[in-house]
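Asks: Quick one: the structure is below, and I'll ask about it shortly.
The values are calculated or read from the model by the stated rules, or taken from the named source; none is laboratory data. In this text, all values refer to a predicted model and were calculated from it rather than measured experimentally. Note that we place each Cβ from the backbone using ideal geometry, even for glycine, and neighbour counts take in every protein chain shown.
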Amino acid sequence: MSEFLSKFLPNEKLKAEYTAVLQNPKLITVVFLVLYSFSSISVWKKYSWSPSSQINFGKEFADQNKEQTPPGAIVFLGEEGNLGAGYDGQIFYYYSRMLSGFSLDWPKGFETSFRAPRIGYPLLVSPFGWFGMYGTILGMYILNLGIFYLSYLAIRDLLPDSKKYVSAFYLLSPFALGSYILLVSDTVMMGLSVLAYWSFIKKRFITFSLLAGLAILTKEQAVFLFFPLGLATLFQKEFKKSIWVASSLILPGAWSLYLRTQFPEWTPGSLSHFFDPFGGLIGYFGELRQALLSGDRNFILLIKKFSRIPLVLLLVSGTYLLFRGDWKKGLEFRLGFGILLLTAYAGGYILYWATYENVSRMFTFSLPLLIFWEKEDDSLPSGIYWALTGIILVSFLIKLAFVSKPLRHLVW
């Protein structure tokens, strides 16, 4: 990254001023608050200024869970090719409402195979639900913002003074922002994972075990950090640490055993149907080819179709990184980063690459993994990856403010 800055800012004084700005936590915090406020306002203004619009309730599911759908909520009616049928935020909302009532009566309409294991986010939100339905919605906002900001402070603490500026890129991640706009679990999972890793480095192993277990229960991508970390401790013959890393599986394991008693058909292998190696990319390129050959010059539609191109370039850039740098340094993070990219290559078309929101969420965890990797390996040429991330952030904000139009909806 430092080599990229030297090329981009050959003047050492400019480079020093640039890094000084990024190293200023107060200034970056203000930028963070402005960025997230602007993003929420861009959504709310399209839907009667209702914070419930970020939950993405779909009418199909609201009808089946009427008693837990908040009065006055924005409920989407459904349109071809968008999120009109609702999105994952509503799943976590209804899941949390169930837990707030100390009940395990599964919300109607949602299958259990890969939703039920992800209890971490709804569980943490559930205490807010004791203050009502809008308490749950407020809790989803607070949890996304709060855990993410705490994890930013944790990353700053782990980085040496010369690299603390990189933590700003983490806080201004377009993928974390995208997760927040949908109030889904990716940013919460990432924040818990980073806090768990901070606890591990600080030798607060009980805290690590609990946070890592919660991170895995929030979303399975957390193992992209903890599995390589466990292997690293084994290779280094730090067996006590290996046991503590393995202990992160206690909570997910116990919950999985319970799920087998409630949903006998459930199995961890049920996640395998999400993946179709290279099928997602092939399907997306086929979609682009069809759009170009059709002669349709609908500008907004073409922007939406080509919005995933920067993500394809990011995938290529990340693949390039896997084969560069010092292989003796940060090997666990190289492995975790590689596993993450492998899932992007293996992601199917319908469930991932057909939708910008779905495929972009696959890259959320890449940023902390890359930061930890760079902390160990100064020779990693990561500048292009970070530059593409910045381009994705700008394009996402433009899409949010000017391209995305209100979807068909009603006020519940």
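Asks: With the checklist (1) farther than 19 Å from Leu397 by Cα; (2) modelled with pLDDT of 90 or more; (3) not acidic (Asp, Glu) in hand, flag the one item Leu288 doesn't pass.
Replies: Of (1) farther than 19 Å from Leu397 by Cα; (2) modelled with pLDDT of 90 or more; (3) not acidic (Asp, Glu), only one is false for Leu288: (2).
Asks: Here is a check on your reading of the model: is Leu5 of a type outside the set (Asp, Glu) and at pLDDT 95 or above? Let's see the steps before the verdict.
Replies: Working: of a type outside the set (Asp, Glu): yes; at pLDDT 95 or above: no.
So Leu5 fails the test.
Asks: Same structure, new question: Just give me the residues in segment 120-132 being buried (at least 19 other Cβ atoms within 10 Å of the Cβ) and over 16 Å from the mean Cα position of the chain (by Cα), in sequence order. It would help to see each step written out before you state the result.
Replies: Here is the first cut: in segment 120-132, the ones buried (at least 19 other Cβ atoms within 10 Å of the Cβ) are 120-122, 124-126, 128-129.
Those that are buried (at least 19 other Cβ atoms within 10 Å of the Cβ) and over 16 Å from the mean Cα position of the chain (by Cα): Leu124, Val125, Ser126, Phe128, Gly129.
Asks: Is there a residue in segment 111-122 that is among the β-branched types (Val, Ile, Thr), touching a residue at least 60 places away in the same chain (Cβ under 8 Å) and closer than 29 Å to Phe32 by Cβ?
Replies: Initial filter on segment 111-122 (among the β-branched types (Val, Ile, Thr)): 112, 119.
Next, from what is left, pick out any that are touching a residue at least 60 places away in the same chain (Cβ under 8 Å): 112, 119.
This time we only want the ones that are closer than 29 Å to Phe32 by Cβ, so: 119.
Yes, segment 111-122 contains a residue that is among the β-branched types (Val, Ile, Thr), touching a residue at least 60 places away in the same chain (Cβ under 8 Å) and closer than 29 Å to Phe32 by Cβ.
Asks: Name, by its number, the condition in (1) within 25 Å of the chain's Cα centre (by Cα); (2) modelled with pLDDT of 90 or more; (3) hydrophobic (A, V, I, L, M, F, W, C); (4) more than 19 Å from Ala401 (Cα to Cα) that does not hold for Phe110.
Replies: All conditions are met except number (2).
Asks: Val184 fails exactly one of the following numbered conditions: (1) outside any helix (DSSP H, G or I); (2) free of Cβ contacts under 8 Å to residues at least 60 places away in the same chain. What is the number of that condition?
Replies: (2)
Asks: Mind telling me which of the residues Tyr134, Tyr121 ends up being over 26 Å from Leu410 (Cα atoms), hydroxyl-bearing (Ser, Thr, Tyr), touching a helix residue (DSSP H, G or I) at 6+ places or on another chain (Cβ under 9 Å) and not in a loop (DSSP other than H, G, I, E, B)? Let's see the steps before the verdict.
Replies: Values: Tyr134 fails: over 26 Å from Leu410 (Cα atoms).
The conditions single out Tyr121.
Asks: Filter segment 134-181 down to residues that are of a type in the set (S, T, N, Q) and either crowded, with 18+ Cβ neighbours inside 10 Å or in contact with a strand residue (DSSP E or B) (Cβ under 6 Å, 6 or more places away or on another chain) (or both) and give me whichever is farthest from Phe57 (Cα to Cα).
Replies: Here is the first cut: in segment 134-181, the residues of a type in the set (S, T, N, Q) are 136, 144, 151, 162, 167, 173, 179.
From what is left, the residues that are either crowded, with 18+ Cβ neighbours inside 10 Å or in contact with a strand residue (DSSP E or B) (Cβ under 6 Å, 6 or more places away or on another chain) (or both) are 136, 144, 151, 167, 173, 179.
Details: Thr136: 14, Asn144: 18, Ser151: 28, Ser167: 33, Ser173: 25, Ser179: 16 Å.
Ranking the candidates gives Ser167 first.
Asks: Out of the residues in segment 237-276 that are modelled with pLDDT under 95 and of a type in the set (S, T, N, Q), which is surrounded by the most Cβ atoms within 10 Å (Cβ to Cβ)?
Replies: For segment 237-276, the residue satisfying everything is Ser256.
Asks: Then there's this: For segment 84-118, give me each residue that is among the hydroxyl-bearing types (Ser, Thr, Tyr) and part of a helix (DSSP H, G or I). If you could, list the steps in order and put the result at the bottom.
Replies: Taking segment 84-118 as the starting set, the residues that turn out to be among the hydroxyl-bearing types (Ser, Thr, Tyr) are 87, 93-96, 100, 103, 112-113.
Those that are among the hydroxyl-bearing types (Ser, Thr, Tyr) and part of a helix (DSSP H, G or I): Tyr93, Tyr94, Tyr95, Ser96, Ser100.
Asks: Just need a number here: residues in segment 8-43 that are at pLDDT 90 or above and either in contact with a strand residue (DSSP E or B) (Cβ under 9 Å, 6 or more places away or on another chain) or of a type in the set (Lys, Arg) (or both).
Replies: Qualifying residue count for the region: 1.
Asks: Among the listed residues Trp353, Trp386, identify the single one that is in contact with a Lys or Arg (Cβ under 8 Å, 6 or more places away or on another chain), crowded, with 17+ Cβ neighbours inside 10 Å and not acidic (Asp, Glu).
Replies: Numbers: Trp386 fails: in contact with a Lys or Arg (Cβ under 8 Å, 6 or more places away or on another chain).
Criteria check complete, one pass: Trp353.
Conditions (1) closer than 28 Å to Ser126 by Cα; (2) without any contact (Cβ under 8 Å) to a residue 24 or more places away in the chain; (3) not in a helix (DSSP H, G or I), marked per residue:
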{"position": "Ala196", "(1), (2), (3)": "yes, no, no"}
{"position": "Ile206", "(1), (2), (3)": "yes, yes, no"}
{"position": "Ser209", "(1), (2), (3)": "yes, no, no"}
{"position": "Gln221", "(1), (2), (3)": "yes, no, no"}
{"position": "Gly230", "(1), (2), (3)": "no, yes, no"}
{"position": "Lys240", "(1), (2), (3)": "no, yes, no"}
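Asks: Scanning for something in a loop (DSSP other than H, G, I, E, B) and aliphatic (A, V, I, L, M), does segment 55-70 turn up at least one residue? Before the answer, list the steps.
Replies: Applying the first criterion (in a loop (DSSP other than H, G, I, E, B)) to segment 55-70 yields 55-56, 65, 69-70.
After this cut, where a residue has to be aliphatic (A, V, I, L, M) as well, the list is 55.
Looking for residues that are in a loop (DSSP other than H, G, I, E, B) and aliphatic (A, V, I, L, M), one finds at least one in segment 55-70, hence yes.
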